[in-house]
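Colleague: Quick one: this structure, given as structure tokens, is what I'll be asking you about.
The values are calculated or read from the model by the stated rules, or taken from the named source; none is laboratory data. Bear in mind the structure is a predicted one, so any value in this text is a computation, not a measurement. Note: ideal-geometry Cβ built from the backbone for every residue, glycine included; neighbour counts use all protein chains shown.
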Amino acid sequence: MNKQVLGALLGVAAVLPFGSATVSAATTWKSVAPMPKSRCCMAATKGLNGDVYVIGGKPVGKLSDDTMVYNPTTNKWSTLPPAPNPGEQAGPAAATGLQGKVYSVGGGFYDDVDQWQDNGGLSALSTKTNTWTIEGSMPTPRGDLAAVGAPNGFIYALGGAVDDSNDNAISSSVVEAYNPTTNSWAEVASMHQARDQFGAVIGPDGRMYAVGGEYVTDSIETDTASVEAYSFQTKTWTQVAPLPTATLINGAVLGADGRIYAVGPGFLAALNVQKNTWTTLTAPPPATLPTAFGPNDTTSRPVAFAVAAGKTDSILFVNESEAYKTSPAYLFGT
């Protein structure tokens, strides 16, 4: 269960008609250094320095609190101190604020007795001192959500999976905004579509986009192609052109070319915001599981995350699973 990531450009809100999708194969993925410590259910965000920060997750049979950092210039990974909130270790979201702090938001996972556990914890990492602090908790605990650092300085937590009171996870449409100055949260307009395991990003028009994902209710999981955009000026959501295919989204990235890239399992597409049309591109390389699993890996399956990386907003895509020792990683230039 995955998520998310970030982009930030100022712009003017606009309401666009629905568009269509076209297909292109003129894209390439480049293999880069694998992530040394593999896991599933983690979060990632690009720092203001261009490095990628990977938070939490679930290696074989246990939760992880490691923070991994990828430097696209040196093509190397390093390890930082763990996030302080234990509940954030699986299924959190991550976002970067205007002041350069990296935030770990919420988290959720099914425990050993198949009961959904979620939390509203918020932690902030100073990328200058590499130290974490615990901040004000999110009002609505949830996991498999998305988070965005917005041009107004707030951190937005979107959707996710919440406890239905019977220890099952169901999708939420709730959106809450964190103000780092006052260390406080406020609810804003909910999305039209409840969703989890989706992408969120600030578009070139300054709006906040929620892209794809799944809708879960009464233990029924349905992938969605829904895409909607939030205007910070009107404080409303507007439906825009849907994805070419209904799918989970491992990450949404604002490319250097001004398009919004959505990456999912065997899926890559780019949204031209002005034309309101999606173009289907070459999907990232598929993952293959090892032939032998550990005792806790019988249900493992390849999952992934995608996030902007570097000064040119390349896409970093990492295949991840509880069953890998290291995770294959790839870069895609936008």
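Colleague: I'm checking my understanding of the structure. Among residues of segment 5-52 that are farther than 21 Å from Ala262 by Cβ and hydroxyl-bearing (Ser, Thr, Tyr), which one is modelled with the lowest pLDDT?
Modeller: Ser38
Colleague: Given the conditions (1) crowded, with 22+ Cβ neighbours inside 10 Å; (2) more than 21 Å from Lys101 (Cα to Cα), which single one is not true for Asp167?
Modeller: For Asp167, the exception is condition (1).
Colleague: Determine whether Tyr70 is more than 19 Å from Ile134 (Cβ to Cβ), among the hydroxyl-bearing types (Ser, Thr, Tyr), at pLDDT 50 or above and surrounded by 15 or more Cβ atoms within 10 Å (Cβ to Cβ).
Modeller: yes
Colleague: Okay, next question. Name the residues in segment 99-126 that are assigned to a loop (DSSP other than H, G, I, E, B) and either acidic (Asp, Glu) or at pLDDT 95 or above (or both), would you? Please lay out each step first, then the result.
Modeller: Let us first name the residues in segment 99-126 that are assigned to a loop (DSSP other than H, G, I, E, B), namely 99-101, 111-115.
Answer for segment 99-126, where residues must be assigned to a loop (DSSP other than H, G, I, E, B) and either acidic (Asp, Glu) or at pLDDT 95 or above (or both): Lys101, Asp111, Asp112, Asp114.
Colleague: So Gly56 ticks every box in (1) in contact with a helix residue (DSSP H, G or I) (Cβ under 8 Å, 6 or more places away or on another chain); (2) at pLDDT 90 or above; (3) of a type outside the set (Lys, Arg) but one. Which box is left unticked?
Modeller: Of the numbered conditions (1) in contact with a helix residue (DSSP H, G or I) (Cβ under 8 Å, 6 or more places away or on another chain); (2) at pLDDT 90 or above; (3) of a type outside the set (Lys, Arg), the odd one out for Gly56 is (2).
Colleague: Something else now. When you look at Ser171, is it more than 24 Å from Asn272 (Cα to Cα), of a type in the set (S, T, N, Q) and assigned to a strand (DSSP E or B), yes or no?
Modeller: Answer is yes for this residue.
Colleague: Given the conditions (1) within 15 Å of Ala93 (Cβ to Cβ); (2) surrounded by fewer than 23 Cβ atoms within 10 Å (Cβ to Cβ); (3) among the aliphatic types (A, V, I, L, M), and given that Ala146 satisfies all but one, which numbered condition is not satisfied?
Modeller: Answer for Ala146: the failing condition is (2).
Colleague: Please state which of the following conditions Val216 fails to meet, knowing it meets all the rest: (1) assigned to a strand (DSSP E or B); (2) without any contact (Cβ under 8 Å) to a residue 24 or more places away in the chain; (3) β-branched (Val, Ile, Thr).
Modeller: Val216 satisfies every listed condition except (2).
Colleague: For segment 144-182, which positions are touching a residue at least 40 places away in the same chain (Cβ under 8 Å) and small (Gly, Ala, Ser)?
Modeller: Hits for segment 144-182 are Ala146, Ala147, Gly149, Ala150, Gly153, Ala157, Gly159, Gly160, Ala161, Ala169, Ser171.
Colleague: Continuing with this model, one more query. Give all pairs with beta carbons closer than 7 Å in which a residue from segment 183-204 that is touching a residue at least 12 places away in the same chain (Cβ under 8 Å) and assigned to a loop (DSSP other than H, G, I, E, B) meets a residue that is surrounded by 14 or more Cβ atoms within 10 Å (Cβ to Cβ) and among the acidic types (Asp, Glu); count only pairs at least 6 apart in sequence or on separate chains.
Modeller: Asn183/Glu135; Met191/Glu228; His192/Glu228; Gln193/Glu228; Gln197/Asp144; Gln197/Glu214
Colleague: Provide a single number: the residues in segment 245-279 that are of a type in the set (Gly, Ala, Ser), within 12 Å of Phe198 (Cα to Cα) and assigned to a strand (DSSP E or B).
Modeller: 4
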